[in-house]
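What follows is a short report on a single structure.
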Amino acid sequence: MKDLTCILKPVGGTPEVKTIENTLEELQRIVGGYIEVVDIGSHTVIICNEEGKIRSEPKNFWITTGGEAVDYIAGDAIICGTDGENFCSIDPDVLPDLFDALSTLDVPDLGVMF
């Protein structure tokens, strides 16, 4: 399987552009468990631990819509591209904007949101 260039965003850490092995085992190793895929548009997805919130993993970053925080990613995350139903390297055109957003992101503790 082809390698994948993506953004790795550890909790509390700086996002890094990395090339990783595009296998389920590698994705699960990075996020620490079963994967969940969150589509954020532009053929781009966030891969995170599907049990991150259940296991009370720390908040990593917020997902916003129209400037409003609507959800958050718990635990380490991978941001990569998609080609149909397959993961692929992130689109170089969206990479700078995503990297900048993740680099300057501060995760406020807004408490429990229902």
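Values in this text are rule-based calculations from the coordinates and carry no lab data. These figures come from a predicted structure and were not determined experimentally. Virtual Cβ from ideal backbone geometry, glycine too; neighbours counted across all protein chains shown.
Applying 1/(1 + (r/R0)^6) with R0 = 25 Å to the Cβ-Cβ distance of Glu85 and Thr65, what FRET efficiency is obtained, to the nearest 0.05? Can you show the working numbers first?
Details: r = 24 Å, r/R0 = 0.97.
For Glu85 and Thr65, the calculated efficiency is 0.55.
Mean projection of the alpha-carbon convex hull of the chain over all orientations, in nm²? All intermediate terms of the calculation are to be shown ahead of the outcome.
Working: hull surface 28.3 nm².
With the hull built on Cα positions only, its mean projection is 7.1 nm².
Can you list residues whose amide H is under 5 Å from Tyr72's amide H, if they're 5+ apart or on another chain and H is modeled 1.01 Å from N?
Distant-sequence amide H within range of Tyr72: Ile63.
Using a 10 Å cut-off on Cβ atoms, rank the peptides 45-56, 30-41 from the highest mean neighbour count down.
Peptide ranking by packing, descending: 45-56, 30-41.
Check the chain for me: any Cys whose beta-carbon has no other cysteine beta-carbon within less than 4.7 Å?
So far as the 4.7 Å Cβ criterion goes, Cys48, Cys88 stand without a partner in the chain.
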